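The values are calculated or read from the model by the stated rules, or taken from the named source; none is laboratory data. Fair warning: this is a prediction, and the values are worked out from it, not measured in the lab. Cβ placement follows ideal geometry from the backbone for every residue including glycine, while neighbour counts extend to all protein chains displayed. Side chains included, ligands, DNA and RNA excluded: accessible areas come from the protein's heavy atoms. Shrake-Rupley method; radii C 1.70, N 1.55, O 1.52, S 1.80 Å.
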Amino acid sequence: KLSLRKKVNFIGIFIILLFSVILFVKVLPLLEAGKLEERRGKLRAVVNSVVSLIDHYERGLRKQSWKTDPTQPKNIEEAKARIIENLRHMRYDKTEYFFILDGKGKMVMHPLKPELEGQYMMDTKGPKGEAIFHDLVLESQRDSEAFVSYTWQSKYSPLIFEPQTSYAKYYWAWDWIVCSGVYTQDILD
């Protein structure tokens, strides 16, 4: 027969364990989902700001803005070269970057992996078989934007692969998909 004190201790331990299980099963996943949604919103905002700059150049070309402002690009090739050069060196949150694909899945610009530029990426698979670039291109063309989750090489080591989510925005006038991603681990830290 258990004493009253032992029963109270047992009930207290049971309540603490039950609360811990509820915390880990229900609350923490909600917090993680909230962090992921917050980060997705930030990804959307930074990529859309780049697309706004591209659109500014496109509208300037159509209006022939270079006639009154000689700093403006005179043709689409010059405008694209400016965007590529700016994005190649641009970072946000210290290490995050942008990359660009064209509508056929060719890598236009990747600041960390310039050896990929000019390569057809549609058949490239992630380590778990995900059709990463295929999904980024086709889903963003279909819906004008897309979030794609996959596993990719860590930015810290070529031997480590981590879950990542990327946002892709399709800019139809140039047939470009502007993308940026974040490693899921960076969100949850």
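Convert each backbone phi in segment 56-66 into a coupling constant with the Karplus relation 6.51 cos²θ - 1.76 cosθ + 1.60 (shift: θ = phi - 60°), then list the ³J(HN,Hα) values in order as whole Hz, x for Gly and Pro.
Per residue, the Karplus-derived 3J(HN,Hα) values read 4, 5, 4, 5, x, 5, 5, 8, 6, 4, 4 Hz.
So how exposed is Thr124, as accessible area in Å² (1.4 Å probe, rounded to 10)?
40
Any chance you could look up the accessible area of Arg44 with a 1.4 Å probe, heavy atoms only, rounded to 10 Å²?
80
Enumerate by residue number the trypsin sites (Lys or Arg not before Pro) in segment 122-189 meeting two conditions: DSSP loop (anything except H, G, I, E, B), and at most 11 other Cβ atoms within 10 Å of the site's Cβ. Could the numbers behind the result be given before it?
Numbers: sites: Lys125, Lys128, Arg142, Lys155, Lys169; in loops: Lys125, Lys128, Lys155.
Sparse-neighbourhood loop trypsin sites (Lys or Arg not before Pro): Lys128.
Starting from the Kirkwood radius over alpha-carbon pairs of segment 38-131, derive D by Stokes-Einstein at 37 °C in a medium of 0.692 mPa s and give it in µm² s⁻¹.
Values: Rh = 15.1 Å.
The Stokes-Einstein estimate is 218 µm²/s.
State the extension gain, in nm to one decimal, for the chain segment bounded by Glu58 and Phe161, taking 0.36 nm per residue of separation less the distance between their alpha-carbons.
Here the answer is 33.3 nm.
For His134, what is the net charge nearby, where nearby means another residue's Cβ is under 10 Å from its Cβ and Lys, Arg count +1, Asp, Glu -1? Walk me through the numbers before you get to the answer.
Details: positive: Lys125; negative: Asp123, Glu130, Asp135, Glu139.
Net local charge, His134 excluded: -3.
Quick one: 3J(HN,Hα) in Hz for segment 41-51, Karplus 6.51/-1.76/1.60 with θ = phi - 60°, rounded, Gly and Pro as x.
Result, ordered by residue: x, 5, 4, 4, 5, 5, 5, 5, 5, 5, 4 Hz.
Are there chymotrypsin sites (Phe, Trp or Tyr not before Pro) in segment 84-188 that DSSP marks as loop and that have at most 12 other Cβ atoms within 10 Å, and which are they?
Values: sites: Tyr92, Tyr97, Phe98, Phe99, Tyr120, Phe133, Phe147, Tyr150, Trp152, Tyr156, Phe161, Tyr167, Tyr170, Tyr171, Trp172, Trp174, Trp176, Tyr183; in loops: Tyr97, Phe98, Tyr156, Trp172, Trp174.
Sites meeting the loop and neighbour criteria: Tyr156, Trp172.
Could you tell me the calculated FRET efficiency between His134 and Arg40, based on Cβ-Cβ distance and R0 = 25 angstrom, to the nearest 0.05?
On the way: r = 21 Å, r/R0 = 0.82.
Approximately 0.75, to the nearest 0.05.
Taking 2.2 N^0.38 Å as the expected size of a compact globular protein, what ratio does the Cα radius of gyration of segment 104-183 give against it, to two decimals? Intermediate results must be reported in sequence, preceding the final value.
On the way: Rg = 12.1 Å, N = 80, 2.2 N^0.38 = 11.6 Å.
Compactness ratio reported: 1.04.
Over 20 Å between C-alpha atoms is what I'm after, so list which of Lys42/Lys169; Lys42/Lys128; Lys80/Lys104; Lys113/Lys155; Lys63/Lys104 land there.
Lys42/Lys128; Lys63/Lys104
Find out how many positive minus negative residues lie around Asn48, taking Lys and Arg as positive, Asp and Glu as negative, among other residues whose Cβ is under 13 Å from that of Asn48. Intermediate values should be presented prior to the final figure.
Details: positive: Arg40, Lys42, Arg44, Lys169; negative: Asp55, Glu145.
It works out to a net charge of +2.
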